[in-house]
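Student: Can you read through this structure? Questions will come right after.
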Amino acid sequence: MKAAVLYGKETIRIEDIPEPPLKPGEVRVRIEAALTCGTDLKVYRRGYHARMITPPAVFGHELAGVIAEKDGTVQGWNVGDRVVVANSAPCGQCAMCNAGQPNLCDDLQFLNGAYAESIVVPERFVRKNMLRLGEKTAFVDAALAEPLACVVLAIEETGLKNGDRVLVIGSGPIGLMFVSLASRHGCEVTVAGRGERRLAAAQRLGAAKTIDVAAAGSDVSEAVKAARAEPFDVVIEAVGKPDVWETAAKLVRKGGRVNFFGGCPSGTKVCFDTGWLHYSSVRLMASFHHTPVTFRQALNYIEKGVVRTSEFIDGECPLSELPLLFQRMAANNRAFKTLVRVRE
């Protein structure tokens, strides 16, 4: 089968590789939709991910498709079933899983290989994080479930409620998902980001106000303060830069909450005004990844039409051109998400 293989920093090759045989409890899924992702772009730039992927390895993790083959021990699934598969599966037995935080599982297994004609889904994933799709659910819609599940978890952990004044910093796909769900929770959402198309999408998804950071000189703090006098109840950082983390803490009200959702490069540090944080009772948190529960909730949102795929996917690319696509994304990441056609 044809597949994209990551060999290291900014090196992807499209190769013919053998389809591995199934082990007990596994299924093979014929991929019908695969999407690009900001995390995959980070992995491409760095050449690896300490927890998710060690090159050389098949690449990509947002996918949906059809079961093409199953091991004889698999129960409850049939060849031809339409499915979406998460990119991780917790063990369900460690201290973190028993504490109700399976996203922090001590033995969290990851799955890569979405940019390929098919993928083998390991036994644990089949049991815990593979979901059946409704008859009318499009594969491309279902492939959004994984990133949306991360946002669902963050929304829950942040405790968003009706009437909250929320600032989302970042207008990429994740930032836009926050806009969509926060608006659904009855929040008044402001988005600070870049790109006319992205900010227009934020308005369509429910943002009450948008702030073009680039037009304001690229200083997020000054741009937000110029557009709004009052601080926010909640600030969500969806960029993943240390200086923006620091800015986020300056824009929340006394007693407010800040969620540092965007992951910064390993080893970076931030500096906060301890007096402000302490005497203002500001709550800082960070949300990582997703759980089997939020993965199911995300698919439910998608199948109910709460999240509209058309707002997040703005292009298509054949698998053969994936290396060139990632080169363009690394040079100027202004795309939303791209649907990768794995069979040409």
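Each reported figure results from applying straightforward, stated rules to the coordinates on display, with no laboratory input. Please read these numbers as outputs of a predicted model, since none were measured by experiment. Every residue, glycine as well, gets a Cβ built from its backbone with ideal geometry; the counts of neighbours run over all protein chains shown.
Student: Relative contact order, percent, of the chain when contacts are C-alpha pairs under 8 Å separated by at least 6 residues? Spell out each step's value before the answer.
Tutor: On the way: 763 pairs, mean separation 63.1, N = 344.
Relative contact order comes out at 18 percent.
Student: Still on this structure, please answer the following. Obtain the radius of gyration and the Kirkwood radius of segment 1-124 from its C-alpha atoms and give Rg over Rh. The partial results should precede the final answer.
Tutor: On the way: Rg = 15.0 Å, Rh = 15.3 Å.
A ratio of 0.98.
Student: With charges only on Cβ, +1 for K and R and -1 for D and E, what is the dipole size of the chain about its Cα centre, in debye, rounded to 20? Don't skip to the answer; put the middle values down first.
Tutor: Details: 42 positive and 38 negative charges, 105 e Å.
That gives a dipole near 500 debye.
Student: Kindly state, to the nearest 0.05, the FRET efficiency for ARG253 paired with GLU10, given R0 = 30 Å and r defined as their beta-carbon distance.
Tutor: Details: r = 42 Å, r/R0 = 1.39.
The pair ARG253/GLU10 has a calculated efficiency of 0.10.
Student: What spacing in nm lies between the two simple spin-label points modelled at SER281 and LEU324, each 7 Å away from Cα in the Cβ direction?
Tutor: Placing both labels 7 Å beyond Cα along the Cβ direction yields 5.8 nm.
Student: Once you place label points 7 Å from the Cα toward the Cβ at ASN78 and VAL270, how far apart are they in nm?
Tutor: Once both label points are built, they end up 5.0 nm from each other.
Student: Using only the alpha-carbon atoms, what does the chain span along each of its principal axes? Please give whole angstrom values in decreasing order.
Tutor: That gives 62, 43, 40 Å along the principal axes, largest extent first.
Student: Which of ASP16, ASP40, ASP141 moves most in a GNM of the chain, Cα contacts under 10 Å?
Tutor: Sorting by GNM fluctuation, first place goes to ASP16.
Student: Give LYS2/LYS70; LYS2/LYS136; LYS128/LYS254; LYS9/LYS225; LYS42/LYS209; LYS42/LYS128 a once-over and call out the pairs whose C-alpha atoms are over 31 Å from each other. Walk me through the numbers on the way to the answer.
Tutor: On the way: LYS2/LYS70 20 Å; LYS2/LYS136 28 Å; LYS128/LYS254 40 Å; LYS9/LYS225 38 Å; LYS42/LYS209 29 Å; LYS42/LYS128 27 Å.
Long pairs (Cα-Cα over 31 Å): LYS128/LYS254; LYS9/LYS225.
Student: On to the next question. I need the peptides 263-275, 75-87, 172-184 ranked by packing, meaning the mean over residues of other C-beta atoms within 10 angstrom, with the highest value on top. Numbers along the way, then the final one.
Tutor: On the way: 263-275: 10.9, 75-87: 17.6, 172-184: 24.7.
My ranking of the peptides, most packed first, is 172-184, 75-87, 263-275.
Student: Please compute the Kirkwood hydrodynamic radius over segment 168-298, one decimal place, Å, based on all pairs of different Cα atoms. All intermediate terms of the calculation are to be shown ahead of the outcome.
Tutor: Details: mean 1/r = 0.0660 Å⁻¹.
For segment 168-298, inverting the mean 1/r across all distinct Cα pairs yields 15.1 Å.
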